[in-house]
Amino acid sequence: MYMNRRTAIKGLATAMVGTTLSLAGCSSSGGGGGVDIEQNIEYAAEQDEYVEVTDVTEEATQVNGSEGVAVSGTAKNTSDDTAFIELVMTFVDPEGTTLGETSAFPKGSTSPNEPGEAAEFEAAIAESPGDIAEYTIEVRAT
């Protein structure tokens, strides 16, 4: 029964259903690199039962010589099975126009997270922090 449910979740991994968390504000601790961008975390299908995302921060950075924003945090596999976790970040401007997308794998694309294991992630986009109104992290686990 568990494997059938898991297979169904894999099949629905691209459907945006379920829990959305809205967290506002600069979550960086001091250091001057924090930026104030609204963040949303969305779980594909019922993946909030399998992955917990915490400690998400945004920081101004340089990406290939341009102004950019780095997003980092921790993703924990809360399931009883190993899982490949992917976090897809979509950035939008104040008018709602998509500026770009980037993704991160907490343990790399070739290593799954073991049950109960937490791993840090980081991804960056070459967009000026002042141009970004908000971003969404879509959490996928297979």
One residue from Ala60, Ala70 being closer than 15 Å to Tyr135 by Cα and surrounded by fewer than 18 Cβ atoms within 10 Å (Cβ to Cβ): Ala60
In contact with a helix residue (DSSP H, G or I) (Cβ under 8 Å, 6 or more places away or on another chain), part of a strand (DSSP E or B), buried (at least 18 other Cβ atoms within 10 Å of the Cβ) and at pLDDT 70 or above - does that describe any residue in the range 20-36? no
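Please return the ranges of strands (runs of 3 or more DSSP E) entirely within the range 37-86 where 3 or more residues are closer than 21 Å to Ile125 by Cα and among the aliphatic types (A, V, I, L, M).
Working: elements: 38-44, 51-63, 66-77.
So the answer is 51-63, 66-77.
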Being surrounded by fewer than 18 Cβ atoms within 10 Å (Cβ to Cβ), hydrophobic (A, V, I, L, M, F, W, C) and part of a loop (DSSP other than H, G, I, E, B) is the filter here, so list the residues in the range 87-119 that pass it. none
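The values are calculated or read from the model by the stated rules, or taken from the named source; none is laboratory data. All figures in this text were calculated on a predicted structure; none of them were measured in a lab. Positions of Cβ are generated from backbone atoms using ideal geometry, with glycine treated the same way; all protein chains shown enter the neighbour counts.
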